[in-house]
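Questions regarding the structure given below will be posed in turn.
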Amino acid sequence: MISVLIPAYDAAMFIGECLESVRAQECVPIEIMVGVDGCQATLDAVIPLMAAYPELRVLAFPKNNGPYVVRNTLAQRCTGDFLIFFDADDLMLPGLITWTIGHTDKAVAIRYLFRTEYIHAIGRCREICGRQGANGVFGIRRDSFERLGGFHAWPCSADSEFHLRCVKEFGPPVVSPRALFVYRKHAGCLTVKKATNSQSLTRVRYRAMVRRQRADGNFKTAITPTFGKAVEVLR
């Protein structure tokens, strides 16, 4: 079984489209888990959708923990043996899960190329077709994720640090040959918000930590994960 794990904070205006793009995939049965990270508006938006999505499970976190703690917690409580980490404001393109299923027996980790759409700049769009794929949206075997210990509880850049450990432990990931999801860039996403954008002191600090770790090369691949308290919303 594949579990699609989606942390959601201020995502009330995006979560419906995100879930619809997951359901539109042509694939075997999957589990979808949404972790609502201390945001009542997002919780109010996602609960009414549960009736239309029998495969959907919702975890409500009473306080904001940050996306990486939510991801760790969802991975701990899901049932799938292969995990796809996805973002609540993004959209899956046709074929993402089908392509993933074709590689789960061969790859420990999978990264996806993507197309960027700028929500507040109509008409701006670009497709990323490099060698690395996305940091924040990726697939990995559950046992491999647990072996690495998951993400650090950082405010940003913890996905970059995770991939550094993953490559050291298991080798390079498989990268999709084409864009398989839409990264929707807007004022509320981590890479744009003033507190965590590329010019912020926070991101500069954590990026420097990752660069030092990469340059040093002598680091442990496993960490002690941080989990958050959450209550599963009953149907």
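The values are calculated or read from the model by the stated rules, or taken from the named source; none is laboratory data. Bear in mind that the values here come from a model prediction, so they are computed numbers and not experimental data. Cβ coordinates were reconstructed from backbone atoms using ideal geometry, including for glycine residues, and neighbour counts include every protein chain displayed. Quick note on the areas: whole protein, heavy atoms, side chains included, nothing else; ligands and nucleic acids left out. Shrake-Rupley method; radii C 1.70, N 1.55, O 1.52, S 1.80 Å.
Output yes when any residue across the stretch 204-214 is of a type in the set (K, R) and open to solvent by less than 60 Å² (accessible area, probe 1.4 Å), and no when none is.
no
A further question on this structure: Any residue in the stretch 163-180 that is touching a strand residue (DSSP E or B) at 6+ places or on another chain (Cβ under 6 Å), surrounded by fewer than 20 Cβ atoms within 10 Å (Cβ to Cβ) and closer than 26 Å to R57 by Cβ?
no
Does A24 fit the bill of being free of Cβ contacts under 8 Å to residues at least 40 places away in the same chain, over 21 Å from A134 (Cα atoms), open to solvent by 20 Å² or more (accessible area, probe 1.4 Å) and of a type in the set (A, V, I, L, M)?
no
Right, here's the next one. Residues that are over 15 Å from the mean Cα position of the chain (by Cα) and at pLDDT 95 or above: list the strands (runs of 3 or more DSSP E) wholly contained in the stretch 1-105 that include at least 3 such residues.
In the stretch 1-105, the matching strands (runs of 3 or more DSSP E) lie at 56-61.
Further question: On the basis of being more than 14 Å from the chain's Cα centre (by Cα), assigned to a loop (DSSP other than H, G, I, E, B) and either closer than 22 Å to N65 by Cα or at pLDDT 90 or above (or both), does P177 make the cut? So that I can check it myself, show each step before the final result.
Numbers: more than 14 Å from the chain's Cα centre (by Cα): yes; assigned to a loop (DSSP other than H, G, I, E, B): no; either closer than 22 Å to N65 by Cα or at pLDDT 90 or above (or both): yes.
The answer is no for P177.
Quick check, is R126 in a strand (DSSP E or B), of a type in the set (K, R) and either modelled with pLDDT of 95 or more or over 14 Å from the mean Cα position of the chain (by Cα) (or both)?
yes
Based on what the data block shows, is N64 crowded, with 18+ Cβ neighbours inside 10 Å, in contact with a Gly (Cβ under 6 Å, 6 or more places away or on another chain) and touching a residue at least 40 places away in the same chain (Cβ under 8 Å)?
Details: crowded, with 18+ Cβ neighbours inside 10 Å: no; in contact with a Gly (Cβ under 6 Å, 6 or more places away or on another chain): yes; touching a residue at least 40 places away in the same chain (Cβ under 8 Å): yes.
Taking the combined requirement at face value, the residue does not satisfy it.
Count, please, the residues in the stretch 180-231 that happen to be hydrophobic (A, V, I, L, M, F, W, C), out of contact with any Pro (no Cβ under 9 Å at 6 or more places or on another chain) and assigned to a strand (DSSP E or B).
Counting residues in the stretch 180-231 that are hydrophobic (A, V, I, L, M, F, W, C), out of contact with any Pro (no Cβ under 9 Å at 6 or more places or on another chain) and assigned to a strand (DSSP E or B) gives 2.
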